[in-house]
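The values are calculated or read from the model by the stated rules, or taken from the named source; none is laboratory data. Small disclaimer: the values here were computed from a predicted structure and weren't measured. Neighbour counts are summed over all protein chains in view; Cβ atoms, including those assigned to glycine, are modelled from backbone coordinates with ideal geometry. Only protein heavy atoms, including side chains, enter the accessible area calculation; ligands, DNA and RNA are left aside. Shrake-Rupley method; radii C 1.70, N 1.55, O 1.52, S 1.80 Å.
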Amino acid sequence: MRLVAAFHTILTCVALLSLAPSFAQAQSATEDDESYISYDSIVDDLTKRSGSSAEARTAASRRRMTTSSADPFDNIWIHAGVGMVQTTQGLALPNGQEAIMSGRGIQATLGIDILSPGVAAEGSMRSFGETEDQASRISLKEFDLKLVLKNRSLGGSTPSKLQLKAAAGLSARYMMVKTLTETYDLTTPASIVSLGGDLYFNDRMSIGLDISARNAVITDTFDKTSYDGTLRVDTHF
């Protein structure tokens, strides 16, 4: 009986040993399935996150493109105009004779905003008719280049109809003086200081008044100092 029991015990152990690899393989397959599912979940999660990041990057790139595609000339205005000028000055001629120039002229102006709407560069061409008295005749042509500072807000949030401005620059003055005995043909560089204001009828049209002083920047000239006032009409585009 003991032999039979021992024999049965041995058979049982052999059977268990033979089934152990199958159980191990099944358990390994189960673990592999669980690992495979977890890997898919991780991939899905990473895909969703990368998709969100890509959309965010795309939106940011789109915003940058929109910003960079803005026209840099949107806030730049060009103005052109004409004006009537009244000037006066006293001249001490080399021959000792004194002359007074008090004449009217016309002015053509072209300007463009630079850096901001409050700063403009402006060029002008002026021509004065010949003035004549008993002793002399005087003619003058002038070319100006100025830097203009403008203020149209006047402390408010919306543009005002009134614009104040100040300007400084340089001028090239070509003067001819004819006396009874002599003729003087003179070219004088001069500095310009100007104050004025414009009244806007709308965004495209304004009328203004400028008061200017011009002083020679060289000493070898009798065209020393002049003062003038300009009534001008400008278009803005």
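The protection proxy used here, the mean number of other Cβ atoms lying within 10 Å of each residue, ranks peptides 109-116, 93-100 as follows, highest first: 109-116, 93-100. The residues of segment 79-237 expose on average 53 square angstrom of accessible surface per residue, using a 1.4 Å probe on protein heavy atoms.
Estimated at the nearest 10 Å², the accessible area of Val233 is 70 Å² with a 1.4 Å probe. Extension gain, Lys224 to Arg104, is 41.3 nm, computed as 0.36 nm per intervening residue step minus the present C-alpha separation. Within the accessible surface of segment 75-167, defined with a 1.4 Å probe on protein heavy atoms only, the carbon and sulfur portion equals 62 percent. Solvent-accessible surface of protein heavy atoms, probed at 1.4 angstrom with all chains present, puts Leu180, Leu162, Leu149, Leu186 in the order Leu180, Leu149, Leu162, Leu186, largest first.
Based on the Cβ-Cβ distance of Lys178 and Ala80, what FRET efficiency does E = 1/(1 + (r/R0)^6) give at R0 = 41 Å, to the nearest 0.05?
Working: r = 34 Å, r/R0 = 0.83.
FRET efficiency, Lys178 to Ala80: 0.75.
Taken along the Cα-to-beta-carbon direction at a fixed 7 Å, the label points for Ile114 and Thr187 span 2.3 nm.
With all protein chains in place and ligands, DNA and RNA left out, the 1.4 Å accessible area ranks Ile76, Ile138 as Ile76, Ile138, largest first.
As a ratio to 2.2 N^0.38 Å, the alpha-carbon radius of gyration computed for segment 79-210 takes the value 1.27. The heavy atoms of Val177 present about 0 square angstrom of accessible area, all protein chains included, probe 1.4 Å.
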